[in-house]
Amino acid sequence: MKSTTARRMGLSIAVVAALTGVAACGSSGADKAAGGGAIHVSPVAALRSVEKSTDKADSAKVRSTTSMGDVMSMTANGALTWGDGLKGNLTITYTGGQLAEMMKKAGSASMEARYLPDAYYAHMSDTYAQQAGGGKHWLKYSYDDLAKLGGASGSYMKDQIQTATPNQSVKMLLASGDVKKVGEEKVDGAHTVHYSGTVDVADLADRTSNLDADQLAALKKQLSTAGVTTDTVDIWINDQNLLVKKTEKAAMANGTMTNTTFYTDYGVKVTAEAPPAGDTRDFKDMLKSGGTVSGSTGSGTLS
C-alpha cells in the first residue's frame, strides 16, 4: 500500500511541472508591433513589446493539451489570473499514459486543479480519498514543501509555478537567440503573426541572448533540472498584440514533452480560494503517514 500511495503522490507532483506551461498567457495591450498594423519591426523588438504588454494583462481562459512520453497525455480547461501571483482553476483530464491508468484506478481520470500564490490543490475522487487521502478529497501541495522534496526536482517545481509569468513563452523565444518570424496565419479565424525559436540548453549561456545574465542563468538552471536538452517554442500573436496560441516541444531525459495551448477571453473574472480545511489533506502529512517517497519525484517517477 505504501508503494502504491508513493507512486500516486509522486506522479501527482509530476503533473505540476507539466501544468506550468499553460500559464504562459498573452497580453491585453494595444501595441500592434507584434500582431499586425503598419509598424514593421524585427522579431526581437516585436517580442519585447509583447513581453512588456503581457505584464499588464490580468486573466484569460485557457485550453490545452499536453503529453510527456509514456508518462501521460492530458487536457486542461479553465481560467487563470496572474496579476497578483498565479491563481485560477483548471479541469484536468488524463487521456493516456501512466497517470491516466493510475487515476482511473483511483476512481476518475479527471480532477480539478486549483492554483493559489502559495500552494497548488488537487481535488481527487472518492476512491482516492478513502485509499490515500484519509477521507479528504483535496490534496494541498505547498510550494515551499515541494522545494524541500526531491532536491533539485522539488525546487524546480516550486520555481516553475511561482515564476510562471504570462510572458514565459516570450522569454523562452528571446532566450533562443534565433527567434524568427514564420509568417502570417489564421488562428480560430483571426489573423495572427507566427514566431518560432529553439532553445539549446547546452549552449544557452554561450550564445548571444536577449535576456540579461541573471534571467539567462535562472532559465538554464530550470531547464537543466527538468532534464530538458532542447525546447522549441512557437507563438501566435493577434492584431491586438494578444498571445492566442502557443506550442512547445521539449526533448527531456524521459522522452518528449509537447504542449499546445489556446488563450481567449482576456480580462475574464477569475476567483480561486483555498478549499475547505476539513476536506483538505496536506501532502507533507501524507508523506509522514505514507512513508518515504524515495525516487518518486522528478525523473525517478517518470522512468
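What the table shows:
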item	result
Filtered residue count, the stretch 129-148, keeping only those that are at pLDDT 80 or above and open to solvent by less than 30 Å² (accessible area, probe 1.4 Å)	6
Set MET74, MET111: member being at negative phi, open to solvent by less than 20 Å² (accessible area, probe 1.4 Å) and either outside any strand (DSSP E or B) or without any contact (Cβ under 8 Å) to a residue 24 or more places away in the chain (or both)	MET111
Search result, residues across the stretch 247-271 that are within 22 Å of GLY96 (Cα to Cα), touching a residue at least 40 places away in the same chain (Cβ under 8 Å) and open to solvent by less than 20 Å² (accessible area, probe 1.4 Å)	ASN259, THR261
Any hit, the stretch 219-237, residues being modelled with pLDDT of 70 or more, more than 18 Å from the chain's Cα centre (by Cα) and outside any strand (DSSP E or B)	no
Selected residue (criterion: most open to solvent (accessible area, probe 1.4 Å)) from residues of the stretch 79-100 that are of a type in the set (S, T, N, Q) and under 17 Å from the mean Cα position of the chain (by Cα)	THR91
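The values are calculated or read from the model by the stated rules, or taken from the named source; none is laboratory data. Keep in mind that this is a model prediction, so the values were computed, not measured. Backbone-built Cβ (ideal geometry, glycine too); neighbour counts: all protein chains shown. Heads up: the accessible areas ignore ligands, DNA and RNA and are worked out on the full protein's heavy atoms, side chains in. Shrake-Rupley method; radii C 1.70, N 1.55, O 1.52, S 1.80 Å.
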